[in-house]
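Reviewing the structure listed below.
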Amino acid sequence: MSRHARRVGTVVLTAAAVAYLVWKINLSTTLDVLADVSPAWFALAAAIMFVTVPVLAARWGWLLAAHGMSERLRWLTRAYFVAYAAGQVLPTSLGGDAVRVVETSRRHAGRTAVVTGTILLERGLGGAATVLLGAVGFVLSIGHYDVSAYLWLEGVFVFGTLVLGFLFFARSARPLLRRVKPQLERLRLAGPLESFYEGVHHYRGRPRLLAEVFGVTLAVQAVRILSIWAVAKAVGIDLDVRVYYVMGPLLFLVMLVPFTLNGIAVREAFFVSFLGSLGVGADQAFAAGFLYFLVILLLVLPGGVILVWEGLRGGIVLGSSMASDASVAAVVVTYDALPWIERCLESLRDVETVVVDNGSQDGTADFVRERFPEARLIEAENRGLGAGWNVGLRATSSRYALLLNADAWLVEGALDRLVGFADTRPGAAVIGPRLLNQDGTLQRSVRGFPTLWRLATEYFFLRKLAPGSSALNAFYAGGFEHDEVRDVEVVMGACMLVRREAVAEVGYCDEDYFLFSEETDWCFRFREAGWEVVFFPGAECVHVRGAAHGGHLYRENLKGHLLFLSKHRGPKAAERARWLLLVALKLRGLVFRGASGRSFRDGAAWLASGNAATLIER
């Protein structure tokens, strides 16, 4: 639906409601009715609405927790009140839901589709509970009150509830949804909507949770209907409470209609129309509707105060961009990454992302620009991976930076879990997730710092004798199964969450490393400064090992070892390592044939062409 159509519809419907009220009510009589309002009944109506907010917030928290997003009741309740305030600024009460989506997505980066799904499901269950209450109200009113004029509206809502339930939960709906996927892909909506759909469909396997949420929703709606009864009593309307169990559900559903300015005039017109059909005077009915509007305004006050207070303190305010307040931003450095970049960036949807392209020749930059316009693309001179990281880090300001290889992608929920874990480990500068190969098997990602002995165990294949030994395989963390949280020396740079506070203290990545060992050097510097480097298996990332460099640049790997040892162990250690690597590669060149043998012989020739200091400077 276009904005123009919505605006026109809103103007037409609101104008019609206002005209109806002008025709029906006498302003002088209405003011007299309002002057005699009972404060006690009005206070009861407001109290009913306020005390049910934490219950609704807890219900939403259960749905979020089912997706691994835990939030305290205090924050959830705050989010509800802020949403009520926003709902009076943005069109319809659904505008408040949009604010909940934005705020929750900031706290759970990369989960916008899932967060939206929980809120929509919450709305859907609320609608279903409301429809059920309305049906019960109709049955209870039979023989007592004539409400048959509204039976068709109840029927429409029942039908709509059944259709939505089918689309989101019935397995037979999947083929129908697949048919429209090509059209959605052309509109670039397939990925987000698929995540959204799966986020909702996830609950199909949680019938007990759905039943509990529905039960609580039903109870809350039943109690909240009493607030309508209370405002009616406040202006002297004396009808049986059963009437409001027909009127209340219909009012709640009418308020969701997109063609209203938060129900202004439409709400009061509904009061006049419905109560008028039961013999209540238009002036009394309008006064009751106006009092209900005041109750809603009172519900807005806490959220308004929160927004003003947080705005003064520099916190989140409506209208701020997600990127400016995000706890995490992603940096992806690319060089001829076309085969993998789409999957990489798809895993970062709804996350502030900077792509630093180091002079790709395969169209990577153009693809990112066209396919992911929301990502910030920086085309830079190719000065290596570490230099690219630094460009991306300087372009962001979030508390954490996710450094992700272009040939890697996050498993669902990984970023949220990484950030959540980082918040519990304030001393961690770098956190590495569990890396997986494409077939789902473990990719060992914990490393040890290079020493002469560790290089010998690697390049003379001594680690093959006892791969599980920490003595013969410390370079690859032998004996560690990558199945527990551990303080480690190095995590592979394919995927790292880096704390900006630590970067501010230690400095950016050393750009003397072109490729290989840049993360080793950085982790060493972080640890030397007293920070931790932590492996966290609770988050996972798929990495296509070697895809970023195709197995080339072997000399850069050797140079990385020499540079690290020269910086941190001294020039003599680097020279000794050059001789050790030279002998090892000459032996490998004699044993191996084909591409591997040529690579080893080329590496040996390079090592023999100068001393360590000279090779590092080349």
| query | Can you give the extra length, in nm with one decimal, that the chain gains between V305 and T424 once fully stretched, where that is 0.36 nm per residue apart less the Cα-Cα distance? | reply | 39.9 nm
| remark: Ranking R499, R618 from most to least accessible area with a 1.4 Å probe gives R618, R499
| query | With labels modelled as points extended 7 Å from the Cα through the Cβ direction, what inter-label distance (nm, one decimal) is found for N437 paired with R598? | reply | 2.5
| field | Calculated FRET efficiency for the pair N557/E511, C-beta based, R₀ 25 Å, to 0.05 | value | 0.90
| task | Report Rg (one decimal) and Dmax (nearest whole number) for segment 537-618, counting Cα atoms only, units Å. | result | 14.8, 46
| request: Using only the Cα atoms of segment 450-533, construct the convex hull and provide its projected area averaged over every direction, in square nanometres to one decimal. | output: 6.3
| message | Output wanted: per-residue J couplings in Hz (rounded whole) for segment 377-387, from phi through Karplus 6.51 cos²θ - 1.76 cosθ + 1.60, θ = phi - 60°, x for Gly and Pro. | response | 9, 10, 8, 10, 5, 7, 10, x, 5, x, 5
| said: Using a 7 Å offset from the Cα along the Cα-to-Cβ direction at both L587 and S469, what is the distance between the two label points in nm, to one decimal? | reply: 1.5
| said: For segment 472-618, take every pair of Cα atoms, bin their distances at 10 Å starting from 0, and report each bin as a whole percent. | reply: 10, 33, 37, 18, 2
| request: May I ask you to rank W579, W606, W62 by accessible area, largest first, using a 1.4 Å probe over the protein chains only? | output: W579, W62, W606
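How do K464, K233 rank by accessible surface area computed with a 1.4 Å probe, from largest to smallest?
K464, K233
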| note | In vacuo Debye sum over C-alpha of segment 338-473, base-10 log of normalised intensity I(q)/I(0) at q = 0.18, 0.20, 0.21 Å⁻¹, listed in q order, is -1.14, -1.24, -1.29
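The values are calculated or read from the model by the stated rules, or taken from the named source; none is laboratory data. Keep in mind the model is a prediction, meaning the values are calculated, not measured. Note: ideal-geometry Cβ built from the backbone for every residue, glycine included; neighbour counts use all protein chains shown. Side chains are part of the model used for accessible areas, which takes the heavy atoms of the whole protein and leaves out ligands, DNA and RNA. Shrake-Rupley method; radii C 1.70, N 1.55, O 1.52, S 1.80 Å.
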